[in-house]
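Data block below; observations after.
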Amino acid sequence: MTVLAVVFVMIPAAILIYTFVIKSDTPTKEAPKAAGTEHVEIETNQNDEKDTKETQKKETQTKDSTAKADDVTKEEKQAAKEKEQQKLAEEKAAKEKEAKQKAEQEKVEQEKRAAEKKKEEEEKKQPVETVKPSSAYTAAIQGGYLHNAVEGDTIQSISIKYYGSEAYVNQIKQLNGITADRVPAGTKVALIKTQ
């Protein structure tokens, strides 16, 4: 672009130099002197005026084209800046959105962990009854119908394990004299003898 601008500026400058410096050095033609007359005619060069007008026209055209080229480059630079700023803004918005989503996910996970911890604490606080021996209980123990409870055992899980359903849950509770569903680990739970 700059090379073109220099060329467009140098051409009219060279024409001006040629017109005013080189042409002005050439002598004007004088009419031959006739004997007895001292009338001298000086011939004006109308071509010089035309050349001057043409060079002025060319200068204005080159100035206009240079100005237009400058305007175009300014517009292109401005458009490029705007595109770059827009791209940076989009990247920033995407990063902010991603960070926000990550923060929300972390918050949800923390809430889940807190809920699970609270649930575990509540289960631990839930009253666990100890087995109260009864005559049926003693008979079940003597007959060998026992289950040694492990961590996490419930009356339902014991009923399903030995009888295949939860149909005997209430009977097992009555037999052992308990009302809670959870059974502490190490407790001996008497089972109902089925025939």
Exercise for the section: Evaluate E = 1/(1 + (r/R0)^6) for residue 154 and residue 110, where r is the Cβ-Cβ distance and R0 equals 30 Å; express this FRET efficiency to the nearest 0.05. Expected result: 0.55
Practice task
Using label points projected 7 Å from each Cα along Cα→Cβ, tell me how many nm separate residue 79 and residue 123, to one decimal.
Solution key: 6.6
Handout entry: Per-residue HN-Hα couplings for segment 117-122 [Karplus 6.51, -1.76, 1.60; θ = phi - 60°; Hz; x = Gly/Pro]
Key = 5, 5, 4, 4, 5, 5
Handout entry: In order through segment 56-66: 3J(HN,Hα) via Karplus (6.51 cos²θ - 1.76 cosθ + 1.60), integer Hz, x for Gly, Pro
Key = 5, 4, 4, 4, 5, 5, 5, 4, 4, 5, 5
Completion exercise
HN-Hα couplings for segment 105-115 via Karplus (6.51, -1.76, 1.60; θ = phi - 60°), in whole Hz with x for Gly/Pro, come out as 4, 4, 5, 4, 4, 5, 5, 4, 4, 5, 5
Problem - Eligible lysines near residue 74 by straight Cα distance, threshold 30 Å, same-chain separation 8 or greater - result: 57, 58, 63, 83, 87, 92
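Read-outs throughout are calculated quantities, based only on the coordinates presented, and are distinct from any laboratory measurement. For clarity, every value in this text was computed on a predicted model and none was experimentally measured. In this analysis, Cβ positions are derived from the backbone assuming ideal geometry, glycine residues included, and neighbour counts consider all displayed protein chains.
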